[in-house]
Amino acid sequence: MCERIASALSPEEFARAVEIGPGKGALTEYLFPLWKEKLSVVEIDPLMTARIKEKFPGLPVHNADFMAVDLEALIPGPDRAAFIGNLPYECSTAILLKVLSFSRFAAAVFMFQKEVARKITASAGDHDYGYFSVAAQILSAPAPFCDVSAGSFSPVPKVDSAVVVFRPRRVFDGPEARERFLSFVKNAFSHRRKTLANSLALALDAERGEVSSRIEAAGFDPGLRPQALKPEDYLSLSEKFHPLKR
């Protein structure tokens with residue numbers, strides 16, 4: 001399975017690759033021969049860092065929390081980079097959004113717990129569809145790659161996993177526009193059991209009538225639930241709410 005995941009991307013397409021959280025190096029064992037000097041890894045555990053350095057001489061290993069790493073410094077410009085890793089459950093969504101927001105993100109292959117992968121690829125109206133679905137699908141084009149059973153790991157976890165491949169979508173002019181959009185979508189889903197109008201009115205501390213008018217001006221029914229709108233719908237809707245904010 002590691003060999004299949006390692007071969008999901010062609011090194012010839014990219015200038016750099018970063019493996020996040022290599023652990024004992026099960027995936028690194030296949031990545032390093034493929035990517036050679038293009039590959040570097042970020043590992044938070046100092047013991048695992050020492051093990052990786054010993055096992056793979058010449059491989060650049062950064063002992064750091066990936067969420068604290070400055071990607072602009074880690075990956076010299078103007079190189080575009082691919083990212084690969086089996087992401088830890090507790091911070092997988094944060095890591096993914098950091099990677100997708102990186103200005104020179106070129107592709108990613110990430111393994112998640114299956115429930116997280118379902119949220120990433122969910123369609124509007126699905127039970128798993130929410131803020132994270134919209135964010136991932138606007139910043140990238142996620143495609144399911146393969147499922148990984150719990151029995152593939154040792155020790156065996158309680159849940160299955162899934163691998164998703166991401167390719168970038170260039171939607172926003174810059175980080176300010178991107179963050180404004182993501183903040184708006186997060187507000188829309190802040191009360192997902194309420195109507196879209198009520199959820200936004202509460203989150204933005206705005207008059208419901210004003211919010212409803214703007215939703216209607218974008219061509220949507222204020223009485224819809226937030227999960228009824230597609231990612232592209234949120235792009236057009238968010239424009240009607242700028243600069244309305246808290």
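The values are calculated or read from the model by the stated rules, or taken from the named source; none is laboratory data. Quick caveat: nothing in here was measured; it's all calculated off a predicted structure. Every residue, glycine among them, receives a Cβ derived from its backbone with ideal geometry; neighbour counts consider all protein chains shown.
Out of segment 118-137, which residues are closer than 15 Å to V164 by Cβ and touching a Pro at 6+ places or on another chain (Cβ under 7 Å)?
The answer is I120, T121, A136, Q137.
Hey, among the residues in segment 144-157 that are within 16 Å of R4 (Cα to Cα) and part of a loop (DSSP other than H, G, I, E, B), which one's modelled with the lowest pLDDT?
F153
Quick check on segment 65-92: of everything there that is of a type in the set (A, V, I, L, M, F, W, C) and under 23 Å from Y30 (Cα atoms), which residue is surrounded by the fewest Cβ atoms within 10 Å (Cβ to Cβ)?
Step by step, filter segment 65-92, then rank; the result is L74.
Considering only residues that are assigned to a helix (DSSP H, G or I) and polar (S, T, N, Q), look in segment 126-143 and name the one that is surrounded by the fewest Cβ atoms within 10 Å (Cβ to Cβ).
Among those that are assigned to a helix (DSSP H, G or I) and polar (S, T, N, Q), it is Q137.
Residue check, S149 against (1) over 27 Å from F189 (Cβ atoms); (2) touching a helix residue (DSSP H, G or I) at 6+ places or on another chain (Cβ under 9 Å); (3) of a type in the set (S, T, N, Q), all met but one. Which one?
(2)
Go through V159, V164 for me and flag whichever is exposed (fewer than 14 other Cβ atoms within 10 Å of the Cβ), assigned by TED's automatic domain parsing to the domain that holds A6, in contact with a strand residue (DSSP E or B) (Cβ under 8 Å, 6 or more places away or on another chain) and touching a residue at least 40 places away in the same chain (Cβ under 8 Å). Working first, answer last.
Details: V164 fails: exposed (fewer than 14 other Cβ atoms within 10 Å of the Cβ).
None of the others qualify; the one that does is V159.
Quick one: how many residues across segment 187-246 are among the charged types (D, E, K, R) and closer than 27 Å to S140 by Cβ?
Counting residues in segment 187-246 that are among the charged types (D, E, K, R) and closer than 27 Å to S140 by Cβ gives 8.
Considering only segment 98-125, how many residues are in contact with an Asp or Glu (Cβ under 8 Å, 6 or more places away or on another chain) and in a helix (DSSP H, G or I)?
Matching residues across segment 98-125 total 4.
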